[in-house]
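The next block holds one structure in the form of structure tokens; read it before the comments.
The values are calculated or read from the model by the stated rules, or taken from the named source; none is laboratory data. It should be emphasised that the depicted structure is a prediction, and the values quoted were computed from it without experimental measurement. Note that each Cβ is placed from the backbone with ideal geometry, even for glycine, and that neighbours are counted across all protein chains shown. The protein model used for the area step is the full one, side chains on, heavy atoms only, and it has no ligands, DNA or RNA in it. Shrake-Rupley method; radii C 1.70, N 1.55, O 1.52, S 1.80 Å.
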Amino acid sequence: MAREMMYGEAIGAAMTEEMQRDSGVVLYGQNLAMTERDPMLRKFGKKRVRIAPISETAEMGVAVGAAITGLRPIVELWMSEFMLVAFDQLINEAPRLRYMSGGQVKVPLVFKAGYGFAAGWAGQHSNCIYHTMMGIPGLKIALPSTAADAKGLMAAAIRDDNPVVYLHHYMLTLDKGAVPEDEYVIPFGVADVKREGSDVTIVATGWMVKKSLAAAEVLSQQGINAEVIDPRTLAPLDIKTIINSVHKTGGLVLVDQATRHASAAAIIAAEIAEHGSKALKAPIKLVTALDTSIPFSEPLENYVLPNEEKIVSAVKSVVSRQAATV
Amino acid sequence: MRKKKALTKDRLIWMYAQMVRIREFEERVKRTFVEHPGVIRGHTHLGDGAEATIVGALATRAMNDPAMPSYRCHGYPLVLGTSPRKIMAEIYGRKDGLCGGFGGSMHLADPEHHFPGTSGIIGQAIAHATGAALTAQVKDTGQVVHCFFGDGSTKQGAFYESLNLAAVWRLPIVYILENNHYQAYTHISLEDANCIAGDPLSQKAQAFSMPGVTVDGTDPLKVYAAVRTAAERARSGKGPSLIEAKFYRLSAHGNAITVPPVPTQFPEHEAVEVYGRKAEYAAAKKKDPIPRFRAALIRKGVLRIADAKRIESEAQAEMEDAVQFALASPHPTPAEAVKYVYA
Ligand SMILES: Cc1ncc(C[n+]2csc(CCOP(=O)(O)OP(=O)(O)O)c2C)c(N)n1
Ligand SMILES: [Mg+2]
């Protein structure tokens, strides 16, 4: 059974279900469970649901310590950049402890945060910082683009025995979709084909999936049939599904809200260059943010971020070069 | 020690006028959400309720002392001499804004007026302000940095690390902890160990063996006296102090966070909206620093009612002009977005 749910709601549903399933799951963060009326607090009690002070280093470090001693903490961090205050915990503690202990300890925790808020939040609150975490062995990263994925990936994140950074896109919060009402767990490392097509492959995550699907509609009016793939997790990364698609289409456009060299797109491009180049009939094209911080003013912000038109024109240029090589 | 001069009548009137200007400015920002929906994007935070602390502290400035607050930053540059037109235009994301539309409400900067910049990340600017004090010390400028930050920010490592370093290096800085009783939606009693124990937040100074005092942040003269003592100490090479100024934020933390195109406005104050504590909010309104300072000055014969009214209508006209200026200013041209990445 599925129910229409908002993306934001679906995340909450998964957290509730998992907390019901496993009494070791605890939730804390700033500005939550402020009053007795809080639904999570009422369901799970003060021991398991807590408000935290504005102390990311402690919030995240405490989660690491709790995880290696038997809890499964979910830390609500609200905006992904706030994690940067505790960069050490994120990059050099959580993902390292299991390895350094020779496999003796595990660090099952979820750092949950929103990202990419393209709505006038300026330079420090709108960024996409997943690339920074992608190359860190031991860390997993989930970025849902639909309500159903939001639920399934959160359930998987909580059950995972490793530190998971769960990044939900702010611009998708109110988007509705059909969400399975029963237990729903999406395994990590399995990309999802969001739209099937035969002419060109578009790979995107988060809000960019929505933009890419809109671009694909525009392109289909012009006779170009694009396939849109969402990796859903960046670590582990399902390269195989992308390669298979490229074998079918011969062209690849990578759409990423991050800046070019700090994008997942750059890493995917490198993988395809090594493992899928035979299938490519045209060079790969990246549609990313321009190399700037995010400006405040609307026209500036629009200018630096990828959008439907930029995706359409990138796809067209790839398709025309594919045609030239045929 | 220099003999302490009493504030002159003109200076007191100036202080009242600055408080009124800040309030009027913030009112106009807030009204913009209603009168011109969509003009202000992102997250905007107002300083209403903080006027006595801002002005009381900055009235002690000498030698072009820099001021470095948090992201709740509109009021300070107004006092330092920045044009409200430019601040409003920045908040509206316009070309004529203080930062050309690149920064917005949370990131005002005006180095020309000794306002080097702000951060939207809690607590981090405390370290920046401490760095400004290093500059003053190394260059021997005689300046004292006024570092403002919220009660919430004192839960960040940057706060503890900076205060210890400043004490060790004897940096010329005054740390002004704006205790407005809330961090975003969270009441201080839910997150501050000192508060929960019934102790003042200025107790944190003891951890660094520096002076720490708590003052009524709704009274500009009390703030003035405490900051002046701390600034003199800092200027004479004796190092930093911590001053807790207690007041109450009178508006909600910020405009409601929404996903476009859902319109955003200021909700009711968290005391009412989240906690249902109407009496708490009503009591805070009664302690509004502006009418109280006005009444005190009139009582002392410093301010005549006619002068108070003139100050108020001048502030209204000034901020109306700022709104009109900002509305008329164009947006920056998109291609400029790549301009300021590197120096
Ligand atoms: C590192 C970090 N964590 C969380 C936030 C989100 N946040 C923005 S304002 C705020 C509250 C700050 O409270 P306080 O320091 O008391 O300042 P006030 O807003 O009351 O002036 C929070 C938690 C942030 N900006 N940075
Ligand atoms: Mg506060």
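Laid out as a table, the results:
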{"read-out": "Residue match in segment A:122-135 (condition: open to solvent by 10 Å² or more (accessible area, probe 1.4 Å), within 14 Å of chain B (Cβ to nearest Cβ), in a helix (DSSP H, G or I) and touching a helix residue (DSSP H, G or I) at 6+ places or on another chain (Cβ under 8 Å))", "value": "yes"}
{"read-out": "Pairs where the first residue, in segment A:145-156, is surrounded by fewer than 24 Cβ atoms within 10 Å (Cβ to Cβ) and the second is in a helix (DSSP H, G or I), C-beta under 6 Å, 6+ apart", "value": "A:ALA155/A:ALA14; A:ALA155/A:GLU18"}
{"read-out": "Residue check for B:GLY152: within 14 Å of chain A (Cβ to nearest Cβ) and either open to solvent by 10 Å² or more (accessible area, probe 1.4 Å) or more than 16 Å from ligand 2 (Cβ to nearest atom) (or both)", "value": "no"}
{"read-out": "Where A:GLU183 falls short, out of the listed (1) part of a loop (DSSP other than H, G, I, E, B); (2) open to solvent by less than 60 Å² (accessible area, probe 1.4 Å)", "value": "(2)"}
{"read-out": "Strands (runs of 3 or more DSSP E) wholly inside segment A:1-77 that include at least 1 residues being facing chain B (nearest Cβ under 10 Å) and within 16 Å of ligand 2 (Cβ to nearest atom)", "value": "A:49-51"}
{"read-out": "Candidates B:HIS187, B:HIS146, B:HIS181 - the one that is in contact (Cβ under 8 Å) with a residue 60 or more places away in the chain and open to solvent by 30 Å² or more (accessible area, probe 1.4 Å)", "value": "B:HIS181"}
{"read-out": "Only listed residue being more than 10 Å from ligand 1 (Cβ to nearest atom) and either in a helix (DSSP H, G or I) or surrounded by fewer than 21 Cβ atoms within 10 Å (Cβ to Cβ) (or both), chosen from B:THR118, B:THR130", "value": "B:THR130"}
{"read-out": "Residues of segment B:182-199 classified as within 15 Å of ligand 2 (Cβ to nearest atom) and closer than 26 Å to B:ALA167 by Cβ, total", "value": "6"}
{"read-out": "Residue list for segment B:155-165, filter: more than 15 Å from ligand 2 (Cβ to nearest atom) and within 14 Å of chain A (Cβ to nearest Cβ)", "value": "B:GLY157, B:ALA158, B:TYR160, B:GLU161, B:SER162"}
{"read-out": "Output for segment B:237-253, where each listed residue is open to solvent by 60 Å² or more (accessible area, probe 1.4 Å) and either assigned to a loop (DSSP other than H, G, I, E, B) or among the hydroxyl-bearing types (Ser, Thr, Tyr) (or both)", "value": "B:LYS238"}
{"read-out": "Candidates B:VAL168, B:VAL227, B:VAL174, filtered to the one that is in contact with a His (Cβ under 7 Å, 6 or more places away or on another chain), more than 16 Å from ligand 2 (Cβ to nearest atom) and more than 12 Å from chain A (Cβ to nearest Cβ)", "value": "B:VAL174"}
{"read-out": "1 or more residues modelled with pLDDT of 95 or more and within 25 Å of B:HIS331 (Cα to Cα): qualifying helices (runs of 4 or more DSSP H) within segment B:1-94", "value": "B:9-35, B:75-80, B:84-91"}
{"read-out": "Test: residue in segment B:138-157 that is in a helix (DSSP H, G or I), more than 11 Å from ligand 1 (Cβ to nearest atom) and touching a helix residue (DSSP H, G or I) at 6+ places or on another chain (Cβ under 9 Å)", "value": "no"}
{"read-out": "Tabulated pairs, segment B:46-73, first without any contact (Cβ under 8 Å) to a residue 12 or more places away in the chain and within 18 Å of B:ILE173 (Cβ to Cβ), second open to solvent by less than 20 Å² (accessible area, probe 1.4 Å) and within 16 Å of ligand 2 (Cβ to nearest atom), C-beta under 7 angstrom, 6+ apart or interchain", "value": "none"}
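Residues checked against (1) within 14 Å of chain A (Cβ to nearest Cβ); (2) away from ligand 1 (no atom under 16 Å from the Cβ):
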| site | (1), (2) |
| --- | --- |
| B:ILE196 | yes, no |
| B:PRO211 | no, yes |
| B:VAL215 | no, yes |
| B:THR218 | no, no |
| B:ALA234 | no, yes |
| B:PRO240 | no, yes |
| B:ALA245 | no, no |
| B:SER251 | no, no |
